[in-house]
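A short write-up of the structure that comes next.
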Amino acid sequence: FSSRRRHTRWYFVTGVQTCALPIFLALAQVEPNAVQPVLAKELQSPDAAAQPLLDYLMAKVPPLSVPAKPELWTAEAARLRKQVLDNVIFHGWPAAWRDAPAKFEDLGVFYSARGYRMRKLRYEVVPGFRSVAILYEPVKAEPKAPGIVNVNGHVGELGKAVEYKQKRCINQALHGIYALNLEWINQGELAAPHNEHTFAAHMDLTGTTGVGLFYLAMRKGLDYLAAHPNVDPKRLGVTGLSGGGWQTVTLSGLDERVRVAIPVAGYSPMVSRLERFMDIGDNEQQASDLFLYADFTHLTAMRAPQPTLLIYNAQDSCCFIGPMVKPELYDKVLPVYSLFADPSENFAWHENLDPADHNYQLDNREAAYRFIARHFGLPAWEHETPVGAEVKSYDELKVGLGPDQATILGLARKLASSIQRSGGTPEARRALLAEIVRYKPVSLLHGWAVSNSKAKGVETRTYRLQMTNGLWAHATWVAAYELPSSKTATIVLNDKGRAHAAAIVADRANRGEQVAALDLLFTGDAAPRRQRSSGDDGRWLYGLMLAAVGDRPLGIEAAQLIAAARSFKRLTGAETIRIDATGMRSQLIALVAGALSPKLFSEIAVHDGLHSLGELLERPVKFQDAPDMFCRDLYKYFDLDTLAPLAEMRSDR
């Protein structure tokens, strides 16, 4: 294996160096502008590209099976709980991080009013990464009072100071509850560019899941309340809006200490996420392999028979529209609660009609208060005490994180710096790689011919490639029919798609080679796209969902490339197949395909690639720009220079 840089190009070559131009290049008939229109022609709409992948994902929705007896569900819930915690939430986590006791700094009471007081807290999530909280304490309470963890989602710079969250925490304290108001990562005091939730993927790449950080940040709050001398550990609750709804169902589904859970407009099952991409949240909310074990229907059902109130909004302006979520969530979970007792007691649905948008405003709060009072054994609580005059500013609630505060990306870089890769036989390394990328071999089921051209010495044919797993790729075959044929054929990959490959296609055709410009899943016309906002084509969301069901986009793309290469070799009669890849995504796909199918390729030439996967962390590269590269555990065990030798590239030229 050798590599050398020529200007902006890298060549990964075994056995041969990049050959000189053939003598017959002087007869070249192919100009880039001759093939550009063919390569640039759109083969299908973005919606058409998305549908096969949606069908593929829909077939992987894990069903919720309701057993005949309540004890059978209790056992099943325990099994699922362990699988999700061990294999998803804390996959690869250092035991010292996962199991460390809660370390809270009490910065003292800073405000006291009639009936409650407020205390500032700072706590360690993992070494170097701290979070903050406000504890609302009732002045008069039972010797062992209830405690509620109050979480929230994407509220921006206000964070824990957002008005409606303060109002519910104050009201909880006024009714004898210890209310803990947690900051959420990348909101309020934790807002920082490198705390964007998509950087959880960078932690995944190093082998320590990013979702674990989010889970531990909220679980530490529950630990604090459970250990508080004035809190009844048997009367703990969690509630929150939006991302706080996701936190609520995740924490309360996985931690049996939570007695009462009230998620508000915060999550939906996998079916709803596929039907309406507005329901797909950030990386932590579709963690890799989650849906292998449990959908959000399962996480909700795992609450049974503990009291759970689902609050949704009838015309939600963000996501999780109540009437559209209810059939696949509440209605599906209701039979599980019915195993234990009358579900009307412990499992409830509240649909907000005023203001009906994405909110945790008065109507929703009062529905929560009634549910809390009933299940915590408190006096009837029908209405909210007006406390608008007591709402504090961001600065008044600021706790301060202290010096050298880590970020999600900073943690990923720290984890990467300690990676020590072991060796092993090539066969063992390939088996490990296949497991990491979840490689499942496919073959070409049918190449659907779409168009052709033949003029001025150039012949082209364009195909839609249907694979045996139901997913598609696209290819354009190009040959200069007036030139002597080479024994080598080239597959051209480009991160921007076939439309940007004209120069290289023309160059290889002028060498007498038959060329296939290939669009794999997530590239060019084969990329599923669903517009979410300006400048966001949404393809990264499909990457999240594929990883969540246990697949990896990288493994699917590598399988497509291997299948296409074998078919292309048979079609052309070429003795050797080489890859010409432009861009870091194409580079990685080619190297993984070569490693998984040794000796298939004679050469892999890379233009505008990376020196190391570590550059994904150091630049950093955004997950949205390359979702297939952020494959969980990949960088922990492999880098580019360890993948290339596994390809065992050989040439007979």
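The values are calculated or read from the model by the stated rules, or taken from the named source; none is laboratory data. Predicted model only: the values in this text are computed from it and were never measured. All Cβ positions, glycine included, derive from the backbone under ideal geometry; neighbour counts span all protein chains shown. In case anyone asks, the SASA skips ligands and DNA or RNA and just uses the protein heavy atoms, side chains included. Shrake-Rupley method; radii C 1.70, N 1.55, O 1.52, S 1.80 Å.
If ARG413 passes every condition in (1) assigned to a helix (DSSP H, G or I); (2) out of contact with any helix residue (DSSP H, G or I) (no Cβ under 6 Å at 6 or more places or on another chain); (3) not β-branched (Val, Ile, Thr) but one, which one does it miss?
Condition (2) is where ARG413 drops out.
Among the residues that make up the stretch 587-599, is at least one of them within 23 Å of LEU53 (Cα to Cα) and surrounded by fewer than 22 Cβ atoms within 10 Å (Cβ to Cβ)?
Looking through the stretch 587-599, none of the residues is within 23 Å of LEU53 (Cα to Cα) and surrounded by fewer than 22 Cβ atoms within 10 Å (Cβ to Cβ).
Six or more apart or on different chains, Cβ under 6 Å: which pairs go from a residue in the stretch 56-84 that's under 20 Å from SER288 (Cβ atoms) and modelled with pLDDT of 95 or more to one that's open to solvent by less than 40 Å² (accessible area, probe 1.4 Å) and not in a loop (DSSP other than H, G, I, E, B)? Could you list them?
LEU57/LEU274; LEU57/MET545; MET58/LEU274; VAL61/MET270; VAL61/VAL271; PRO62/PHE291; LEU80/HIS298; ARG81/LEU254
Of all the residues that make up the stretch 476-501, how many are open to solvent by 30 Å² or more (accessible area, probe 1.4 Å) and either among the β-branched types (Val, Ile, Thr) or outside any loop (DSSP other than H, G, I, E, B) (or both)?
Qualifying residue count for the region: 3.
Would you confirm, using the coordinates I've provided, whether PHE277 is of a type in the set (A, V, I, L, M, F, W, C) and at pLDDT below 95?
yes
Select, from LEU613, LEU617, LEU634, the only residue that is in contact (Cβ under 8 Å) with a residue 12 or more places away in the chain, within 29 Å of the chain's Cα centre (by Cα) and closer than 20 Å to ALA428 by Cα.
Just one listed residue meets the conditions, LEU634.
Name the single residue, out of those in the stretch 456-475 being assigned to a strand (DSSP E or B) and either of a type in the set (Gly, Ala, Ser) or open to solvent by less than 30 Å² (accessible area, probe 1.4 Å) (or both), that is farthest from LEU54 (Cα to Cα).
Looking at residues that are assigned to a strand (DSSP E or B) and either of a type in the set (Gly, Ala, Ser) or open to solvent by less than 30 Å² (accessible area, probe 1.4 Å) (or both), I get VAL458.
Looking for something open to solvent by less than 10 Å² (accessible area, probe 1.4 Å) and touching a His at 6+ places or on another chain (Cβ under 6 Å) - is there at least one such residue anywhere in the stretch 567-582?
no
Helices (runs of 4 or more DSSP H) wholly in the stretch 254-369 with at least 2 residues that are free of Cβ contacts under 8 Å to residues at least 40 places away in the same chain and farther than 26 Å from ASN171 by Cα - which ones?
Of the helices (runs of 4 or more DSSP H) lying wholly inside the stretch 254-369, those with at least 2 residues that are free of Cβ contacts under 8 Å to residues at least 40 places away in the same chain and farther than 26 Å from ASN171 by Cα span 330-338.
Please enumerate the residues belonging to the stretch 116-168 that are in contact with a strand residue (DSSP E or B) (Cβ under 9 Å, 6 or more places away or on another chain) and among the charged types (D, E, K, R).
Hits for the stretch 116-168 are ARG117, ARG119, LYS120, ARG122, GLU124, ARG130, GLU137, GLU142, LYS144, LYS160, LYS165, ARG168.
Filter the stretch 229-253 down to the residues that are in contact (Cβ under 8 Å) with a residue 24 or more places away in the chain and either assigned to a loop (DSSP other than H, G, I, E, B) or among the polar types (S, T, N, Q) (or both) and list them by number.
Residues satisfying the conditions are ASN230, THR239, SER242, GLN247, THR248, THR250, SER252.
Please work out which one of (1) buried (at least 20 other Cβ atoms within 10 Å of the Cβ); (2) in contact (Cβ under 8 Å) with a residue 24 or more places away in the chain; (3) closer than 30 Å to TYR542 by Cα is the condition VAL450 fails and give its number.
Against the list (1) buried (at least 20 other Cβ atoms within 10 Å of the Cβ); (2) in contact (Cβ under 8 Å) with a residue 24 or more places away in the chain; (3) closer than 30 Å to TYR542 by Cα, VAL450 comes up short only on (1).
Specify the residue that is nearest to PHE630 (Cα to Cα); the eligible residues are those in the stretch 218-228 that are part of a helix (DSSP H, G or I) and open to solvent by 10 Å² or more (accessible area, probe 1.4 Å).
ARG219
Looking for something among the acidic types (Asp, Glu) and at pLDDT 95 or above - is there at least one such residue anywhere in the stretch 386-393?
yes
Would you say ALA406 is assigned to a loop (DSSP other than H, G, I, E, B) and in contact with a strand residue (DSSP E or B) (Cβ under 6 Å, 6 or more places away or on another chain)?
Considered against the rule, which asks whether it is assigned to a loop (DSSP other than H, G, I, E, B) and in contact with a strand residue (DSSP E or B) (Cβ under 6 Å, 6 or more places away or on another chain), ALA406 comes out as yes.
Which one is nearest to ARG130 (Cα to Cα), of the residues in the stretch 391-400 that are in contact with a helix residue (DSSP H, G or I) (Cβ under 6 Å, 6 or more places away or on another chain) and open to solvent by less than 50 Å² (accessible area, probe 1.4 Å)?
LEU397
Cβ contacts < 6 Å: first residue surrounded by 12 or more Cβ atoms within 10 Å (Cβ to Cβ), restricted to the stretch 409-425; second residue of a type in the set (Lys, Arg), any location; separation 6+ or different chain. Result?
Within 6 Å, the pairs are ILE419/LYS636.
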